[in-house]
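Take a look at the structure set out below.
The values are calculated or read from the model by the stated rules, or taken from the named source; none is laboratory data. The model shown is predicted, which means the values in this text are computed figures rather than measured ones. Using ideal geometry, Cβ is built from the backbone for each residue, glycine included, and neighbour counts are taken over all protein chains shown. Side chains included, ligands, DNA and RNA excluded: accessible areas come from the protein's heavy atoms. Shrake-Rupley method; radii C 1.70, N 1.55, O 1.52, S 1.80 Å.
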Amino acid sequence: MNIIALQPAHWPDVRRIYLEGIATGQATFQTEAPEWEDWNKSHLADLRFIATTDAGKVAGWVALSPVSNRCVYAGVAEVSIYVSETFRGRKVGQALLQHLIIESEKANLWTLQAGIFPENEASVKLHKKLGFRIMGYRERVAKQYGMWRDVYLLEKRSNSVGID
């Protein structure tokens, strides 16, 4: 598995994988994938990666979004991570998230957060394995397909950035 920077040319594969996640009903409140321009504007340009096979097939992606445009939150970002149905259970998510954590610290980010449905046990387990902790949950934060859903708020604080 290779991890490389996500480029505009990867968008069709990234979008396909995002739609696979949407279809599970456990990955996001979104019901459709945005167009490249909108997705591109909402994610940090230097902190988005894909995992590819040796044959160049995109197996998954990870990206960060700023949580706020206020300067005091400059070191805090939200994680999005999606793995293709074909590659789930093969540690693709772990490789992507580990890489993202390292690169985020190089970019001077001190806190990563994730909002995950409690029912998405695999994603919760992955994040916890890599040092995220459940800070709490947002009860009945929004409706999905007519049903109220809770969302865990997970956070990983850097051990090397923002510790002064």
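Within the accessible area of the chain, the carbon and sulfur atoms contribute 48%, probe 1.4 Å, all protein chains present.
Evaluated over the stretch 58-164, the count of Lys pairs having alpha-carbon atoms less than 18 Å apart is 7 (only pairs 8 or more residues apart or interchain). Two numbers describe the Cα atoms of the stretch 1-140: Rg and Dmax, which are 14.3, 43 Å. Applying 0.36 nm per residue to the separation of Glu32 and Thr86 and subtracting their alpha-carbon distance, the gain on full extension is 17.4 nm. Other residues with beta-carbon under 14 Å from the beta-carbon of Asn40 carry, at +1 per Lys or Arg and -1 per Asp or Glu, a net charge of -1.
A 1.4 Å probe run over the stretch 3-107, with the rest of the protein chains in place, finds 51 Å² accessible per residue.
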